[in-house]
Structures are given as structure tokens and as C-alpha cells.
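Chemist: So that we are looking at the same thing, I have put the structure below in C-alpha cells.
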Amino acid sequence: MHIYFSFICLFLSVTVFGQQKLSGYVYSAKDSTALEAVSIYFDGTTIGSVTNQKGHYSISAQEGIKSPLVITMMGYSPVYINNYLNTNGKMPPVYLEEMTEQLDQVFLETDPWTRERKLKVFMREFLGRSQQALKCKIHNPEALKLHYSPSQLKLTAWANEPLIIENKHLGYTVNYTLNDFYVNYEKSLSSGMQLVNMVYYEGFSFYQELKKNTRRKYIKNREDSYSGSTLHFMRSLAQKKLHENGFRIFYDKFEAPPYLHFEFRKVLEKTYVKLLVEKLSILYNNNEQSAIQTNQPFIIDAFGNHTPPSAVIMGGAMSTRRFAFMLPLDYKLQPE
């Protein structure tokens, strides 16, 4: 890229992990009445449930996973729970607050870009510039708030409700809560044109099958998207199977032993990783070139999801795939 992109969601091995059932109740904070049809899901996965008439839900959790449990319903502020594995399966009751209308951010300088231009940039940088991105559609683009700052050379986007994204390339419908998005530009010294320097986004997502029966083309496209992806790399790194899975590591233009510049510490299903140099190049299948940089140590969980999400910056081929190629965290961990 030269556009650097930090993925919020990645994943890990095909090991069968122990499961724990989580169950609890969801109520209205206003009058303590049970809330029906509340969505309960693990961020970035296809694992979800809904509450019944009594506000009760039950959902399976896999050991070693750090994805937040998201509890959300239209018209209410979402709740995110991280310490669910210490509850012995009995979750404390959740009280959802009704969402008040949020005022737009106040900016001190005039935005010279039209909404049409800003939306076009958002679609290109969020979904991607590929042919596959053309098969993705955001059904509620009106939910997006966009602002361009000429002094900072920065486009910012946010939304007060989940984006509903139909991905006809991979065969998913995704509910995506956009927490942060920005595009940083820099001016070319030679031409004076604004060039994209960095793209970053993060949020919470829930994947559902687009069709009841998954089509063969979706299965093939998912496998193609997985091969050589950031997800594939992170799983391979945590399992120390980079070479076996087609990844080669280069430092300062020379090939290096794959784990020489990494420091690892394994605790149960979590892998603590520290990059010991500023930047490494990655070559997948002797064809696709990428790069990895970090600003602090990070953890890879039992899905391969790394936290904190902003700790890792991927460049090159891995960074250009964008949302159109993103798979759920439990891809290849659940039976087909």
C-alpha cells in the first residue's frame, strides 16, 4: 500500500476448543421489563443468538477467545462484555439504556468536500478498490457521518447505528458497528497531489449466511480470501507454522529464520507476541508481498484475533484486501 491498514479482527487454529454455555437475561433499564429479540453475538463471528419473550438467551463460548460478547438492539445503546469466561456460565442481568439522539461532532473549520465525494472515498477505502468490493453493498449509507479536515488532511467517518453490509462475493450479511474510521493523506512533493498515506478502521461485526445453503462459489471465494490473508498469517504465526503454510520472512532485504525477530509467550490458548525489530517483510506463496509493523506487544487469541487492534499495522498485499475480503473469526473453526 503504502496505504497501511490495521485489521480489527483476525483468527487462529483449527483446534477443537472446549465450550461453555453462557445464559442470562436482558431487560430495559427504564422499567426493568424483559426485552425480546435482542441480538447476542461474539464480535467478528457467526456465533449469535437472540432473547426470547422472557428476555432469556443462551450462547456457546469457546475457551481462549477474547472477542467481546455484544448485546444490542435497535433503539438501545449496545453493551460489550469481556469477562464472560469467569461467570461459570451464569451471566449477570443486562439492562439496556434507550439511545438518545446523538448530536454530530462540532468542527472548527469548514469542510470543503461534498458528501458525495466523501462517501465515494469511504466506500473505496473501507470496502476496497477491487472487483470483489463491487459485489458489496451498504444498505444504509445514510447512517454514515463524514467529515474532511483540510488542515489535518484527514477524512473521518462514524455512524450512530450498525451498517448493514451485503457481501455477495463471500456470501455474508454483516452487521458492522463502526467505532473508528479515518483516512490520512499526504501531499506529493513533486505534484502537490493528495495521496492516501494510511487507512484505519475498527468496529464490532456479526456475520450471517447470505443464503440458507452456502453456494460453491462462496466456499471457493472464502478459501481464496483466507489464503495469504492477515488472518492466515496470524494463525500461522501463533502456531509457528509460517513455513508450512507458505509464508517467508525477510528483514532488511534478506530472508530470515521465520521466528528470529519475534518473542513468544504461550498462556493457555493465548499467544503473547513481541516484534523485536521495527518492520518485517512477508512473502506468501513466493508471490504476494506484505509487511508487518507494531507499536507495542500484542496477543493472539484462540481465533487468531489480535488485541489491541491498533497494535499491528499491516502493509502491502494483506492491507489492500479490505472489508470485501474479511471473514468471520470462526472461519475454519466451525464444521462446514
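Chemist: Could you check the range 92-185 for strands (runs of 3 or more DSSP E) lying wholly inside it with 2 or more residues that are open to solvent by 10 Å² or more (accessible area, probe 1.4 Å) and not aromatic (Phe, Trp, Tyr)?
Modeler: Of the strands (runs of 3 or more DSSP E) lying wholly inside the range 92-185, those with at least 2 residues that are open to solvent by 10 Å² or more (accessible area, probe 1.4 Å) and not aromatic (Phe, Trp, Tyr) span 136-138, 144-149, 154-159, 163-167.
Chemist: A follow-up question, please. Of the residues Ser290, Ser281, which single one is in contact with a Phe, Trp or Tyr (Cβ under 6 Å, 6 or more places away or on another chain) and either in a strand (DSSP E or B) or not acidic (Asp, Glu) (or both)?
Modeler: Step by step, each of Ser290, Ser281 is checked, and only Ser281 is in contact with a Phe, Trp or Tyr (Cβ under 6 Å, 6 or more places away or on another chain) and either in a strand (DSSP E or B) or not acidic (Asp, Glu) (or both).
Chemist: Please enumerate the residues belonging to the range 295-316 that are aromatic (Phe, Trp, Tyr) and touching a residue at least 60 places away in the same chain (Cβ under 8 Å).
Modeler: Once the filter is applied, which keeps residues that are aromatic (Phe, Trp, Tyr) and touching a residue at least 60 places away in the same chain (Cβ under 8 Å), the range 295-316 yields only Phe303.
Chemist: I would also like to ask the following. Under 8 Å between Cβ atoms, which residue pairs at least 6 apart in sequence (or on different chains) link something in the range 264-284 that is exposed (fewer than 13 other Cβ atoms within 10 Å of the Cβ) with a partner that is of a type outside the set (Lys, Arg) and in a strand (DSSP E or B)?
Modeler: Listed by first residue and then by second, the contacts come to Arg265/Thr271; Arg265/Tyr272; Lys266/Tyr272; Leu276/Phe262; Leu276/Glu263; Glu278/Gln293.
Chemist: Scan the range 28-68 residue by residue and report those that are open to solvent by less than 20 Å² (accessible area, probe 1.4 Å), among the polar types (S, T, N, Q) and either outside any loop (DSSP other than H, G, I, E, B) or under 16 Å from Thr87 (Cα atoms) (or both).
Modeler: The answer is Ser28, Thr45, Gln62, Ser67.
Chemist: For the range 285-295, which positions are closer than 21 Å to Met326 by Cα and either of a type in the set (A, V, I, L, M) or open to solvent by 50 Å² or more (accessible area, probe 1.4 Å) (or both)?
Modeler: The answer is Asn285, Asn287, Glu288, Gln289, Ala291, Ile292.
Chemist: Let me ask another. Quick test for you: out of Phe325, Phe247, Phe298, pick the one residue that is under 30 Å from Gln131 (Cα atoms), open to solvent by less than 10 Å² (accessible area, probe 1.4 Å) and not acidic (Asp, Glu).
Modeler: Phe247
The values are calculated or read from the model by the stated rules, or taken from the named source; none is laboratory data. Since we're looking at a predicted model, the values are computed, not measured. Backbone-built Cβ (ideal geometry, glycine too); neighbour counts: all protein chains shown. Areas reflect the complete protein model, heavy atoms only, side chains present, ligands, DNA and RNA absent. Shrake-Rupley method; radii C 1.70, N 1.55, O 1.52, S 1.80 Å.
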